[in-house]
Amino acid sequence: QLCAQAICLEEMLAIEVPAGAVFYGQPRRRQDVEFGARLRGQVVQLAAWLRLLIDQGITPPAVWMRKCSNCSLVELCHPKTAGAGKSARRYLGQMLSSEEDRTE
């Protein structure tokens, strides 16, 4: 994401952005990131893949990982309740049955 933002800035402002930094709030740590040719190539490939998904109307399934707990988008993504092998019907059924158990 950081490299993609740098590429956007380069295109919009006609400047060069060779590196950036990510600050992790909870461990209070800063990680410097160089935007080399390999990383930039990965970003371009990923952007093409995302364009294809958008054109086809496909939303990839969310996948829960430990690092999701520290993500600012976890409440929008819902990786524990959505994704591959997950069913909204089953999830709602579990939520309703656990609610019934609490009221009995």
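Once segment 34-50 is narrowed to residues that are assigned to a helix (DSSP H, G or I) and of a type in the set (Gly, Ala, Ser), the residue that is surrounded by the fewest Cβ atoms within 10 Å (Cβ to Cβ) is Ala37. Of everything listed in (1) touching a strand residue (DSSP E or B) at 6+ places or on another chain (Cβ under 9 Å); (2) under 14 Å from Gln1 (Cα atoms), the single unmet condition for Ala47 is (1).
Does Val63 meet the test of being β-branched (Val, Ile, Thr) and assigned to a helix (DSSP H, G or I)? So Val63 fails the test. Among the residues making up segment 11-33, those that are loosely packed, with under 10 Cβ neighbours inside 10 Å and modelled with pLDDT of 95 or more are Glu11, Met12, Leu13, Ala14, Ile15, Glu16, Pro18, Ala21, Asp32.
Scanning segment 1-33 for residues that are more than 23 Å from Ser72 (Cα to Cα), out of contact with any Asp or Glu (no Cβ under 7 Å at 6 or more places or on another chain) and not in a loop (DSSP other than H, G, I, E, B) yields Glu11, Met12, Leu13.
Applying the set (1) at pLDDT 95 or above; (2) within 18 Å of the chain's Cα centre (by Cα) to Cys77 leaves exactly one unmet item: (1).
The values are calculated or read from the model by the stated rules, or taken from the named source; none is laboratory data. Remember, it's a predicted structure, so these values are computed and weren't measured experimentally. In this analysis, Cβ positions are derived from the backbone assuming ideal geometry, glycine residues included, and neighbour counts consider all displayed protein chains.
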